[in-house]
1. Please work out the average accessible area per residue across the stretch 189-329, using the 1.4 Å probe convention, and give it in Å².
2. With a 1.4 Å probe and every protein chain kept in, tell me what percent of the accessible surface of the stretch 55-123 is carbon plus sulfur.
3. Per-residue ellipticity at 222 nm for the chain, helices alone: DSSP H runs ≥ 4 residues times -39500 (n - 2.57), over residue total, nearest 500 deg cm²/dmol?
4. Could you state the angle between the C-alpha long axis of helix 431-467 and the longest principal axis of the C-alpha atoms of the chain, as a value from 0 to 90 degrees rounded to the nearest 10?
5. How large is the accessible surface per residue of the stretch 8-98, computed with a 1.4 Å probe and reported in Å² as a whole number?
6. Per residue, how large is the accessible surface of the stretch 148-188? Use a 1.4 angstrom probe and give square angstrom.
7. Can you tell me the alpha carbon radius of gyration of the stretch 313-402 divided by the globular rule-of-thumb value 2.2 N^0.38 Å?
8. Using a probe of 1.4 angstrom, how much of the accessible area of the stretch 184-250 is carbon and sulfur, in percent?
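The values are calculated or read from the model by the stated rules, or taken from the named source; none is laboratory data. Keep in mind that what you see is a predicted model, and the values were worked out from it rather than measured. Backbone-built Cβ (ideal geometry, glycine too); neighbour counts: all protein chains shown. Side chains included, ligands, DNA and RNA excluded: accessible areas come from the protein's heavy atoms. Shrake-Rupley method; radii C 1.70, N 1.55, O 1.52, S 1.80 Å.
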Amino acid sequence: MSRSIVRQSKFRHVFGQPVKTEQGYDDIRVSKVTWDSSFCAVNPKFLAVIVESSGGGAFLVLPLSKMGRLDKNHPLVTGHAGPVLDIDWCPHNDNILASGSEDCTAMVWQFPDQMGTRPISEPIVVLEGHSKRVGIITWHPTTRNILLTAGSDNLIIIWNVGTGEPLITMDDHPDLIYNVCWNRNGSLFCTTCKDRRLRVCDPRKREVVAERMAPHEGIRPMRAIFTRDGNLFTTGFTRMSQRELGLWDPTNFEEPIALLELDTSNGVLLPYYDPDTNMVYLCGKGDSSIRYFEITDEPPYVHYLSTFSSKEPQRGMGFMPKRGVDVSKCEIARLYKLHDKKCEPIAMTVPRKSDLFQDDLYPDTAGPDPALEPEEWLEGRDEDPILQSMRDGYVPPKSRELKVAKKNVLDSRPTTRRSMSSCDGSTNLPPQLVERLLEEVQNLKATVLSQEKRICDLENKLSKYTNGTA
């Protein structure tokens, strides 16, 4: 007697659920720039969205708790002279974000926990090295202050934002670079290019260590990301313009591990990868659905799980780092879907009956602490991300200000003002101010004592009159 065997997986029944309307973010005018980036970046503290603006480029930074209709007085970040193309939050400091623009610069910004009302136009670092627009921004996953930028001048530059200086420049690409992705420990990165080649690069050796010509036969843009096992997951198009995904071993590019045709559509599929669950979420610009897959060691290696569908097409998408999901609701991922004029969070949940912490769903995940300093990484050291437990849910780390070593950067740009509510008690006051405050306290005490003596004298006089002794 034959029995059909269903593949065992705890993620088979993952489902997507949009939040209630009042828990979304309304009245956000999403940018209409024709560039295939996600237009959205999110971390456990803030949501950032590239928006329409006149006279240059702008993006919006909102605390996650500020849901509902956007306040008309909420400030924009307006430092760029041209449209903003890409933004990315620093994985090691939730208050720092990098942006790239058509004005040929990348900028690094630091935001206080409590946003003010004035537009923010002064970055803490400006990175100038590209001769054309900067369309790709991505932080190093394990090393402090290392940022990679790629521009339409076909250059890749790796910066130390602590000093504002370029460390490595690579010019191995003859045409426009579509995307760049670091591997798990940041020793390599992969790129896709308009010349239809998929490359794996070693930045410290400044060389391409592996490449594959046309992993997808179509001429439309491709995307590639590293998985936790070191394989490459790609999305692209067939010769007949059907969308396609592939899984490749970079040590043997001859044949794909898996190749799967999906559908016929024009939108580029943007992959969002969760290394803890080994799941990939595919979001196409202009699509109204999110497909998700699980990558395993068993054939067919890339397993289709399900599709989240809605009525409205997406303009972009943000992906929450794992330490920002709600473990009490068995949420394993949260995506932030951009509509024309709003942002809608979508929770991906595993149905479980128990309210207890689910150890099998939440292995230790990458935390906010960097594993290496820039000098150590440049010398050739590699370290995996420092992991943290998810058992206690998300705990906001203490705010750490970005330290910029280059003196002229500090002299020419004022440091970000911190609101009093975000300052801790360890702030050092100037000695003159301390003396003045102590003197004022002593004077107030003397005034209080003299008034008390005056009150006693008046009370004594009053008692004499009432007793008839005066």
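1. Numbers: 5820 Å² over 141 residues.
Accessible surface, normalised per residue, equals 41 Å².
2. Values: 1230 of 2590 Å².
Whole-percent figure for carbon plus sulfur exposure: 48.
3. Numbers: 3 runs with 48 residues, N = 470.
Helix contribution divided over all residues of the chain: -3500 deg cm²/dmol.
4. The answer is roughly 40 degrees.
5. Details: 3800 Å² over 91 residues.
Computed with neighbouring chains in place, this is 42 Å² per residue.
6. Numbers: 1210 Å² over 41 residues.
Per-residue value: 30 Å².
7. Numbers: Rg = 16.7 Å, N = 90, 2.2 N^0.38 = 12.2 Å.
Against the empirical 2.2 N^0.38 Å value, I get 1.37 for the stretch 313-402.
8. Values: 1080 of 2550 Å².
The value for the stretch 184-250 is 42 percent carbon and sulfur by accessible area.
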